[in-house]
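Reviewing the structure listed below.
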Amino acid sequence: MNEPTSSPRPSRIARLTATGLLGLAAVATLAGCANPMDIVSKVHTETFSDRKAADEGWVGVRMPEWIPADAGPIHSTATMNETNAVIFVEGGSDPQGCEEQDRRSLPFDGRYGGVPEDDALPATVLACGPYEVLEIESGLLGWFNATEEGQTPDDL
């Protein structure tokens with residue numbers, strides 16, 4: 001009896017799934033997304049080498065004033081409607097125009113790490129305009145969460 005020497009053909013579902021994933025990756029690449037799943041999650045992510053580059057290319061709303069002038073790489077992820085954002089700033093001085101206040105929320109996205117476990121959440125953070133900012137070991141972690149439908153940092 002002759003046994004096939006080649007592997008079986010992939011099922012139609014497997015081919016369609018692979019085609020769909022390749023298409024999603026192509027769209028994400030063309031859209032400039034760092035992570036193809038950002039499209040599925042309805043967020044956009046940008047990375048800037050420094051404050052000057054961020055000033056020139058910030059997307060969606062005004063760039064937060066609290067980001068230090070000497071900031072190193074700046075990473076931003078926000079929902080497409082700008083109602084939630086998380087920003088990670090590597091290096092640089094202290095955030096600008098901030099004061100300590102009770103923490104109201106947490107970042108909606110954990111991709112930049114730095115948020116302690118539930119039993120060690122800080123009771124206070126730096127309030128920097130509409131953003132809450134936390135100094136973490138590797139830099140600054142800031143976030144905005146809308147308190148009303150459709151609200152963005154530019155509204156406050």
Task: Label point distance in nm, L156-T124, each placed 7 Å from Cα along Cα→Cβ - done: 1.9 nm
Open item on the list: Can you compute the modelled spin-label distance between R62 and E149, with each label point 7 Å from Cα toward Cβ, in nm?
Closed with: 2.7 nm
Task: Pairwise label distance in nanometres, L106 with E135, each label 7 Å out on the Cα-Cβ vector - done: 2.3 nm
Open item on the list: Show me the ranking of peptides 131-139, 71-79 by mean Cβ neighbours inside 10 Å, starting with the highest.
Closed with: 71-79, 131-139
Open item on the list: Under 8 Å for C-alpha pairs, at least 6 residues apart: give me the relative contact order for segment 46-156, rounded to a whole percent.
Closed with: 27 percent
Task: Computed E for I39/E99 - FRET, C-beta separation, R0 22 angstrom, nearest 0.05 - done: 0.05
Open item on the list: Can you work out the Karplus-derived ³J(HN,Hα) for every residue in segment 92-103? Use 6.51 cos²θ - 1.76 cosθ + 1.60 with θ = phi - 60°, whole Hz, and x for glycine or proline.
Closed with: x, 6, 5, x, 9, x, 10, 9, 5, 8, 5, 5
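Rule-based calculations on the coordinates, nothing more; no lab input. This is a predicted model, so every value here is computed, not measured. Please note: Cβ atoms are built from the backbone with ideal geometry, for glycine as well, and neighbour counts cover all protein chains shown.
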